[in-house]
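The numbers here are math on the coordinates, done by the rules we state, and not lab data. From a predicted model like this one, the values you see are computed outputs, not experimental measurements. Note that we place each Cβ from the backbone using ideal geometry, even for glycine, and neighbour counts take in every protein chain shown.
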Amino acid sequence: MTEPTFGITIERTAAESMPLTHADMSVIGLIGPMADAAGGFPINEPVAVNSNDLTMLATMGTNNLVVDAVNAINDQLGEFQRSARLVIVRTPASSSGVAATARDENIASIVGNSTTGTGIHAFKRAGSLVNRVPRLIGAPGFTAHQATGSTANPVAAALPAVLDQLLAHAVLDTPGTTKQATLDYLETLSSDRIIAVEPGVKVIDGSGATVTRPASGRILGIAARRDHEKGGRPFHSWANQPVRGIVGPARPIEFSLTDGAVEAQEILAAQGGVIVRGEGGVADSIARGGFVYIGTDNLGTDANWRFYNVTRGRDYIHLAYLATLREYLGKYNLTGQTLQAIANTMNAELRDRQADGDIIGFRPVSFPVDQNPVESLRLGEITVLFRAEEAPVLRKINILSGRYAQALTDMLGRLATTLQAAA
C-alpha cells in the first residue's frame, strides 16, 4: 500500500511474547472389542464420546470390557466433574468359541497394524478426525495375558511406539494371579509411558453377582479426577487415592507402611502399582477403610524420569511450547527481538508452573552459543535451552526417634527454681 502524504499509517509491531496454549492431558482412549454394540462405533475408527453421553453410551452394549471401563471411570469422578472426555476405538470381536483362540484374536486386533491404522494405531488419527488426542490409554482386559512368564503381552509391547507419538501414557492390567507372576510381567516391559496396576477388582454386575473386572479403567478414572482437581495440570500423582465402585481387589495384597518385606511393597519396588484394602485400627495400613490405589512409578529405567507425574508434567510443558511457538515460524524473521519474544514466552510458562507448585524451579531460557553456529542461524534455525525441575511425589518419610536427656536436666532446673521460690 502506498503511504498517504497527509493521513495515518498503522503497522503491527514486531514479535512479542504469546499466551500459552495448553493441551488437555485427561482425554482417555479406550480400545477393545464390543461385540454387542448396537452401532455408532465403526471398526478401527476413533470416536469421541463424553462419559455422561447416555445416547452414545446406550449403543456401546452392556457385556464388554470397554463399557465396563467407562462405568469405572464415571465411578471415580470428583466434585464438580460431570464427565470425562473419551476417545473409543472398537476393534473386531473374535467369533471363535474357544476362549484361548478368541483371546488371542482379540489381542491381535487391538495390536493392529501401523500401515493400515488399525488397532491402537487408530488413536494416532484421533486428533485430525475427532479433534481429541488421548493422553491416557487403556485396553482393559487385554494387557495381562502372557504366552509365557518371560514373554511380553503383545498389546503392552506394541504400545510404547504409539504412546511416544501421542505423548501419552497407558495404564495396563497385570496378570493378577500371584506376586511372582506380576514381577515376571513387569520385567518384560521398559517404557516411561507405561503404568502397571495389580490386581483386578471385584464389582457387582447387573444381575447382582460378584464378578472380576480389569482395574485399569478405575485407575484411568482416578487420573482424570486428579487432573481435574489440579486445574487440568498433570503434575500430581494418583497414589493414595480411593478406588470407588468396587467391592474389593480381585485378590488380597498385603501392605504395610513400615515393612518392605510384604507383597505390595515388593511390587512397588519393581515399579508396579497396587490396590489394597484399608484396615481400621492397624497403624501401618494405608487407610482406615475402603480400597486405595498406591502407585507412583512408570516402567522406565531412567531414575530421573521414573515418576509418571514427572513425565506427564514434562509432556504438558512440551505440548504447550509446541502449540504456541509454532506461531512464530515463518511469520517473523530471526532477529534479536524475535528471540527475546520466544524466551519471554517460554519463561512465562515456567514461572506459572513454579507459582502453581508444579515445578520446584527453573533455569531461564537461553540460546547457547555452541549450539547456535552462524551457519544454522543463517538457515533460520535456532536451538533453545531450558531446564526445569518437576516436583517429585512424596512417597517415603524417614522418622529419626531418639531420647532427649536435656529434658531431665531442664526438669530438675525448673524444680529447683520452684522450691527456692517457695522457701
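Table for the structure above
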read-out	value
DSSP-loop chymotrypsin sites (Phe, Trp or Tyr not before Pro) across the stretch 260-352, with at most 16 other Cβ within 10 angstrom	TYR332
Identified option (computed Cα Rg over 2.2 N^0.38 Å; candidates (i) 1.22; (ii) 0.99; (iii) 1.72)	(i)
Estimated inter-spin distance, THR335 and SER207, nm [label 7 Å along Cα→Cβ]	7.5 nm
Cleavage-rule hits (GluC sites (Glu not before Pro)) in the stretch 314-423: DSSP loop, at most 16 neighbouring Cβ within 10 angstrom	GLU381
Cut-off under 5 Å, modelled amide H: who pairs with GLY248 long-range	LYS202
Taking all pairs of distinct alpha-carbon atoms in the stretch 329-411, Kirkwood radius in angstrom	16.9 Å
DSSP H segments from the chain that extend 27 Å or more along their own axis, Cα-based, with Kyte-Doolittle mean of -1.0 or above	336-355
Fewest-first sequence of VAL282, VAL133 by Cβ atoms within 10 Å of each Cβ	VAL282, VAL133
Farthest positive-ward along the chain dipole, Cα basis, beta-carbon charges - from GLY40, THR409, HIS145	THR409
Unit charges on C-beta of K, R, D, E only; dipole of the chain, Debye	500 debye
Most mobile of THR62, THR101, THR212 in a GNM of the chain (Cα contacts under 10 Å)	THR101
Neighbour-count ranking [beta-carbon atoms within 10 angstrom, fewest first] of ILE397, ILE342	ILE397, ILE342
Karplus-derived 3J(HN,Hα), 6.51/-1.76/1.60, for each residue of the stretch 35-41, Hz, glycine and proline x	4, 9, 5, 7, x, x, 10
Highest average packing first - 71-81, 170-180, Cβ atoms within 10 Å	170-180, 71-81
Gap separating the Cα centres of the stretch 37-91 and the stretch 179-242, nearest whole Å	17 Å
Among ILE28, SER94, ILE204 - extreme Cα towards positive end, dipole of the chain, charges at beta-carbon	ILE204
Antiparallel DSSP beta bridges within the chain, as percent of all bridges there, nearest 5	55 percent
Amide hydrogen neighbours beyond the local backbone of VAL282, cut-off 5 Å, H modeled	none
